[in-house]
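Novice: My questions will all concern the structure given below.
The values are calculated or read from the model by the stated rules, or taken from the named source; none is laboratory data. Model, not experiment: these values are computed from the prediction. Note that we place each Cβ from the backbone using ideal geometry, even for glycine, and neighbour counts take in every protein chain shown. To get the accessible areas, we keep the full protein, side chains included, count just its heavy atoms, and leave off ligands, DNA and RNA. Shrake-Rupley method; radii C 1.70, N 1.55, O 1.52, S 1.80 Å.
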Amino acid sequence: MRQSHQLPLLGLLLFSLIPSQLCTICEVSKENYSSLNPLLSTMIHSKYTREIQAANVLLSLRLVGIQDQNIEQKLLKEVRNSEEKKDLTSGQLALVILALRACQNSDESVTNFHLVSQLEEKFQEEIKNMGVHDGNPLTNYYQLSLDLLTLCLFNGSYTITEVKNYFTPENKNFYFGGQFSVDTGAMAVLALTCVKRSIMNQQILTNGEDLQHINNYTESLVKKILSEKKRNGLIGNIYSTGEAMQALFVSPNYYNKNEWNCQQTLDTVLKEISQEAFHMPTAAAQILPALMGKTYLDVNNVSSCASSPGHLNISIDELIPVEPTISPIKISVNYTVQINETFFTNVTVPKGSVFLDVMKEAQKINQTAFRFTYAESSWGPYITSVQGLKENSNDRTYWQLLSGGEPVSQGVASYVVHNGENLEVRWSKY
Ligand code: CBY
């Protein structure tokens, strides 16, 4: 490399290295560990509707240093099951790899190199789909970011040109209906940070200009994440906050200390935990690492995993699962399906019912207007079609869930409905 190229690279190297020593990670203090029990209880006791949920949970428990043999074995079995099915999307496979390899010595995981090559293929299929379908991947950019992160952490192949072309913060895939997706942006920051570190360790040969691009992308994504910070400290919403925290942990040199009060965010999350906001295993698994000061970049850093306290006070017997009670009291809600036409009905359901119960009830009343299908995802059931009209990622169409005209922030099986509420399922574009 010529001298003139080396100078900017050196500058960037120093810029990136020095401030990371001042990393601002806030985490739950030992005295407050018991406030994490509801999360652990959910993660350990839930019946998983999809094996991929087990991957989320295993990854999370390993990162925070919980290595209970019984739980590990049970989860590993489920994760391996999902791997064998071969119908995983790219991001699901990435999660499986992250979970299997998390905090393991590399010699223990030699057996699953083939998974990384499968992921390389799936990542290329995502890119190919974008070429054919107007820049729309098979899945989404959250998954593409998970792919890149995993390939980067475990020496899979990808090119800097791909990173430069596809991860521009202006790319439409970072937005849903014009709204920046904090979850997606955060996952991309983690992936880009891994790529940046590989360049700096010279695992990837490149020039100063590439590093500059990656720095610029990261900086811009971090700004967008911070601009979604709410007054109570949550970033995006309660379910994106954990990943946003991880992104901010690994990029302290891209924002000023006074731009983010980590402690405030942590306090609000702890309050939400006590109000049972994280009763889904995936939700619990995604928030936990950040609360213990960990990030997905720690998965191949065995010493960081091992430095976890390892005794999050889990006496598994004490973690009693809370079963929802079905109330004898009935409530009445309005339900609308909106395509070009509007289909309306009023349904009566037991108090404590969720959005899905309302949809099932409406379907009983009028099969033609209200029939629907759903698929299981790591976040529970996801509506795939209504009246036979199917969502399609190539067209960016989906069935949006709304209450009182506003999109809800939970899926159909989590969102609890209230008496007199106006629920809607709307054919939309993201
Ligand atoms: N994970 C994924 O692939 C999903 C990525 C994700 C960014 C995800 C949120 C974040 C996460 N941590 O996993 C995401 N949602 C995406 C990409 C999408 C789009 C999926 C399209 C595609 N081609 O992949 C889309 C269509 C824009 C979308 N989410 C829709 C919805 C609505 C689902 C409605 C339905 N048809 O059933 C819904 C309910 C919003 C609405 N009001 O319509 C929705 N998403 C929600 C609420 C959520 C949050 C779930 C929170 C919860 N407690 O249930 C979410 C965490 C998540 C899952 N979506 Co999307 C975002 C949030 O609120 N912070 C990778 C895989 C391996 O697991």
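Novice: Can you tell me which residue among SER378, SER353, SER385, SER393 is more than 30 Å from GLY91 (Cβ to Cβ) and of a type in the set (Gly, Ala, Ser)?
Specialist: After applying the criteria, what remains is SER353.
Novice: Which ones in region 24-82 are more than 19 Å from the chain's Cα centre (by Cα) and outside any helix (DSSP H, G or I)?
Specialist: Across region 24-82, the qualifying residues are THR24, ILE25, CYS26, GLU27, VAL28, SER29, LYS47, GLY65, ILE66, GLN67, ASP68.
Novice: Cβ-Cβ distance below 8 Å, separation of 6 or more or different chains: which pairs start in region 401-425 with a residue that is free of Cβ contacts under 8 Å to residues at least 24 places away in the same chain and in the same structural domain as SER353 (by TED's automatic domain parsing) and end on one that is assigned to a strand (DSSP E or B) and within 8 Å of the ligand (Cβ to nearest atom)?
Specialist: The qualifying pairs are PRO407/GLN400; PRO407/LEU401.
Novice: Specify the residue that is farthest from TRP260 (Cα to Cα); the eligible residues are those in region 200-231 that are basic (Lys, Arg) and part of a helix (DSSP H, G or I).
Specialist: If we take residues in region 200-231 being basic (Lys, Arg) and part of a helix (DSSP H, G or I), then LYS224 is farthest from TRP260 (Cα to Cα).
Novice: Among the residues of region 232-280, how many are under 24 Å from ILE44 (Cβ atoms), open to solvent by 10 Å² or more (accessible area, probe 1.4 Å) and assigned to a helix (DSSP H, G or I)?
Specialist: Matching residues across region 232-280 total 4.
Novice: Report, by residue number, each residue of region 401-415 that is within 6 Å of the ligand (Cβ to nearest atom), more than 17 Å from VAL337 (Cβ to Cβ) and crowded, with 17+ Cβ neighbours inside 10 Å.
Specialist: Within region 401-415, GLN410, GLY411, SER414 meet the criteria.
Novice: Another one. Of all residues being within 25 Å of ALA284 (Cβ to Cβ) and among the hydrophobic types (A, V, I, L, M, F, W, C) in region 365-400, which is surrounded by the fewest Cβ atoms within 10 Å (Cβ to Cβ)? Just the residue, please.
Specialist: If we take residues in region 365-400 being within 25 Å of ALA284 (Cβ to Cβ) and among the hydrophobic types (A, V, I, L, M, F, W, C), then ALA375 is surrounded by the fewest Cβ atoms within 10 Å (Cβ to Cβ).
Novice: Which of the numbered conditions does GLU121 fail, given that it passes all the others? Conditions: (1) buried (at least 17 other Cβ atoms within 10 Å of the Cβ); (2) in a helix (DSSP H, G or I).
Specialist: The number of the failed condition is (1).
Novice: Among the candidates ALA283, ALA277, ALA290, ALA244, single out the residue that is closer than 20 Å to GLU31 by Cβ and not assigned by TED's automatic domain parsing to the domain that holds VAL408.
Specialist: ALA290
Novice: Of all residues being open to solvent by less than 40 Å² (accessible area, probe 1.4 Å) and at pLDDT below 90 in region 19-53, which is farthest from SER378 (Cα to Cα)? Just the residue, please.
Specialist: PRO19
Novice: Report yes if ARG197 is outside any helix (DSSP H, G or I), open to solvent by 10 Å² or more (accessible area, probe 1.4 Å) and in the same structural domain as LEU266 (by TED's automatic domain parsing), otherwise no.
Specialist: No: the conditions fail for ARG197.
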